[in-house]
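Beneath this line is the structure, given in structure tokens, with notes to follow.
The values are calculated or read from the model by the stated rules, or taken from the named source; none is laboratory data. Because the structure is predicted, anything quoted here is derived from the model rather than measured. Because the Cβ atoms are built from the backbone with ideal geometry, glycine has one as well, and the counts that use them run over all protein chains shown. Just the protein is used for accessible areas: all its heavy atoms, side chains included, with ligands, DNA and RNA removed. Shrake-Rupley method; radii C 1.70, N 1.55, O 1.52, S 1.80 Å.
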Amino acid sequence: MIGFESENQVAVAFGRERIKAVRDVIHLYYLTMLAPFAGFAWVYLDHAVTKVVGTIFLLAVMLRFRHWSSPPAEGRSEDVNAVAARVTGAMVVLLSIAQAVFYTSLAFFEADRSPGDLAWGPVLALGILTALIQGAALTGIIFASRVIFFCFVLPLVIAVLYLFVGDNLPASIAVVFLATVSLYLSEASHRIQLRLFKAQYDADQALIAMEKTHLELINARRQAQRQAETDSLTGVRSRFAFIRDVEAELAGGKCGLLAIIDLDRFKPINDLYGHHAGDVVLRHVARRLKRALPSGTIVGRLGGDEFALFLSGIAHTDGTAELVALCDKALAQIRRPMRLSSALVSVGGSAGAQVLGSDAADVGRALLDADAALYVAKREGLEATKLFDDVIRDESEWLHTIEVELMRIDTVDEMSLVYQPILNIRTGELVSFEALARWHHPTHGDISPSLFIPAAERLGRISAITLTLLEKALAFAAEWDPPCRLSFNLSAAHICCEEAARDIVEVIERSRFPTHRLQFEITETAMLVNFDVARANVEILREAGCRIALDDFGAGFASLVYLREINFDKVKIDGSLIRGARKEQGREMLLGVIQMINSMKLECVAEFIECLADHETALELGAEFGQGFYLGGPVDEQGALELLERHREPQSENIRSLLTRQFDGQDHRGIDEFDHARPFSVTRKG
């Protein structure tokens with residue numbers, strides 16, 4: 001309908017645009033209709049056709065005037081509403097027929113009144129001229145143009161031919177020809193304009209598509225940048241964005257404190273309640289950090305359960321106390337209990353910090369320094385902020401030296417084993433030796449196991465070291481008289497390797513050592529690293545006939561879970577409970593632990609028996625076995641053989657006689673602490 005309805009969307013758009021254009025000249029259409037009519041109506045006022053057509057024109061003008069004075073509501077105009085388009089088309093048809101009837105009736109009236117005269121000529125000529133002008137005014141609406149031609153022009157042309165063909169045939173033919181050409185040009189003009197419009201339409205669509213693509217690229221780039229700069233889980237800055245933001249602060253002349261926070265007791269929450277609970281905890285921590293710290297503090301997540309802070313606002317390195325206090329305040333907020341859907345949990349946190357001035361050369365270096373300070377804070381059990389200093393720098397350099405030396409292929413050849421006795425504290429019987437690793441470096445002297453074992457774990461060397469030392473221990477223990485057992489420690493990183501148990505079984509099979517005399521000690525820390533893999537490896541070792549002991553029981557809160565999930569043969573009570581039993585409250589706690597272990601039909605070993613009082617307390621509370629410098633410190637192979645020989649004889653009344661010759665007269669507390677020292681606690685020897 002007048003270009004409104006079509007399956008071609010381009011044609012529809014073209015038709016609508018032309019209808020919109022016609023609105024600008026529609027008043028000219030009515031003007032060309034009314035002006036000549038008024039001129040003839042003045043002369044032919046009494047003519048009946050004049051009155052009828054005049055009434056039609058008057059009604060049409062009134063309707064159109066109402067349309068002009070109050071534009072149609074949205075969605076009701078002819079270019080978008082089919083009903084309005086049909087009404088407009090009907091009006092064009094009606095007005096064209098009315099004008100054709102008016103002019104032809106006047107022409108025939110003049111022809112009848114003056115036969116042989118051409119008085120009808122001006123009437124038809126003006127009518128045809130009016131029709132052509134109206135067609136031009138409505139050329140935007142192709143259907144309306146056709147209506148004017150067929151309903152207005154064609155009847156007048158036929159009237160001309162009827163009245164004139166007998167007098168001048170060539171002129172009549174010319175009139176027909178011109179009328180046909182006029183119709184053809186009208187149609188051709190429409191097609192040409194449609195093609196031009198389509199080209200413009202395609203160009204506009206291409207431009208719109210290009211702009212849309214450009215906008216999508218901009219949005220995608222912004223989204224990618226946001227994702228790169230923001231941690232998707234917690235909403236704080238990502239590692240990359242955090243470093244960049246700190247660098248920008250320093251470039252702007254600001255100083256501040258850069259701190260790294262590592263959460264405590266986070267992995268057990270993941271293991272016990274699932275990773276979703278861990279995600280909730282991380283979001284809680286991020287929100288608490290942002291709320292507890294001043295506006296302008298940069299908070300980022302470096303990965304896992306590790307966060308970073310940059311507190312600006314100091315002009316010199318001596319004014320850090322306030323910023324350290326703010327960091328400690330944030331740690332205190334983290335320790336507050338958190339509500340999960342099914343439990344109330346709490347985590348702790350330690351922080352390492354480094355002061356950064358505007359002349360700081362490398363934020364990455366500062367992060368390493370803060371990480372070294374964090375390592376010390378966690379080693380010392382501090383749930384507070386440890387500031388990086390020269391002492392930590394020296395210790396870090398020393399640790400780096402150890403790591404470099406560990407990467408040498410022949411490092412394991414420099415390592416040896418010592419053996420600490422485990423006794424039945426009720427009878428004084430020597431029941432087993434615990435093999436302990438030692439490293440005597442040709443240049444640096446003795447290096448503590450608490451230093452080189454964690455370093456070997458980080459560097460991936462622990463598996464090779466463990467298997468080599470196990471082979472040495474098995475070869476030596478084969479000389480012992482039954483039933484003395486060998487107890488061997490497995491590190492957390494090693495027991496959580498997929499092939500660890502199979503490699504260990506291969507070493508045992510090669511040595512042909514009786515597996516019932518071999519016991520492996522595993523700390524609950526190993527369970528925290530990867531519980532499922534650790535449990536699978538434990539089952540393989542048990543199937544091979546080895547005994548399994550849970551070491552350092554009571555050092556963490558997840559031990560009960562492991563006792564329930566894994567079949568252990570022995571439990572070694574952590575030294576903190578033994579030392580705590582020197583007070584009444586700690587004594588009751590130790591009693592409860594020992595009773596629980598005995599009720600589970602497991603062997604109970606009290607570690608860190610450092611004095612006679614510890615020995616008497618463990619014995620009185622029900623522990624069966626004991627270990628510690630009071631009962632005997634670590635000895636070399638010769639010392640172990642001498643102890644075995646001595647225990648073939650009747651037992652001495654004083655269990656302290658078990659101390660070896662090389663440790664007589666020494667500070668036994670220092671001896672025991674050598675095996676349980678924390679990183680950086682041993683002075684280098686050069």
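In segment 242-336, if the dipole is taken from +1 on Lys/Arg beta carbons and -1 on Asp/Glu beta carbons about the Cα centre, which of HIS276, ILE334, GLY252 is farthest to the positive end?
After comparing all options, I get HIS276.
At what distance in nm do the modelled label points of THR401 and ALA38 sit from each other, each positioned 7 Å from its Cα along Cα→Cβ?
Placing both labels 7 Å along Cα→Cβ, they lie 11.4 nm apart.
Please give the length that would be gained between ARG291 and ARG365 if that part of the chain were fully extended, namely 0.36 nm times their separation in residues minus their C-alpha to C-alpha distance (nm, one decimal). Don't jump to the answer; show the numbers that get you there.
Working: separation 74, 0.36 × 74 = 26.64 nm, distance 2.78 nm.
Extending this stretch completely gives an extra 23.9 nm.
Extending each Cα 7 Å along its Cβ direction at ALA464 and ILE409, get the distance between those two points in nm, one decimal.
Simple spin-label model gives 0.9 nm for this pair.
How much length is gained on full extension from ARG426 to CYS611, taking 0.36 nm per residue of separation minus their Cα-Cα distance? Can you show the working numbers first?
Numbers: separation 185, 0.36 × 185 = 66.60 nm, distance 1.59 nm.
Length gained, ARG426 through CYS611: 65.0 nm.
Consider all pairwise Cα distances in segment 395-464 and report the whole-number % of them above 16 Å.
Numbers: 1266 of 2415 pairs.
When all Cα pairs of segment 395-464 are counted, 52 percent exceed 16 Å.
Taking 8 Å as the Cα distance limit and 6 or more residues as the minimum spacing, I'd like the relative contact order of segment 404-486 as a percentage.
Working: 86 pairs, mean separation 24.5, N = 83.
Value for segment 404-486: 30 percent.
Considering the zone a paramagnetic label at ALA325 would reach in this model (a point 7 Å from Cα along the Cα-to-Cβ line), which residues of segment 364-399 have amide N under 17 Å from it?
384-387
Grab the beta carbon distance between ARG510 and GLU247, set R0 = 60 Å, and tell me the FRET efficiency rounded to 0.05. Working shown, then result.
Numbers: r = 55 Å, r/R0 = 0.92.
After rounding, the FRET efficiency stands at 0.60.
Compute the distance in nm between two label points, each set 7 Å from the Cα along the Cα-to-Cβ direction, one at SER416 and one at GLU380.
It is 3.4 nm.
So, for segment 354-480, what is the accessible surface per residue at a probe of 1.4 Å, expressed in square angstrom?
Details: 5200 Å² over 127 residues.
Averaged over the residues of segment 354-480, the accessible area is 41 Å².
At 1.4 Å probe size, with the rest of the protein present, what percent of the exposed accessible area of segment 392-543 is carbon and sulfur atoms?
Here carbon and sulfur together make up 52 percent of the probe-accessible area.
Taking only protein heavy atoms and a 1.4 Å probe, what accessible area per residue, in Å², does segment 497-618 have with all protein chains in place?
Working: 5470 Å² over 122 residues.
Here the per-residue accessible area is 45 Å².
Sort TRP439, TRP42 from largest to smallest accessible area, using a 1.4 Å probe on the heavy atoms of the protein chains.
Numbers: TRP439 5, TRP42 220 Å².
Putting TRP439, TRP42 in descending order of accessible area: TRP42, TRP439.
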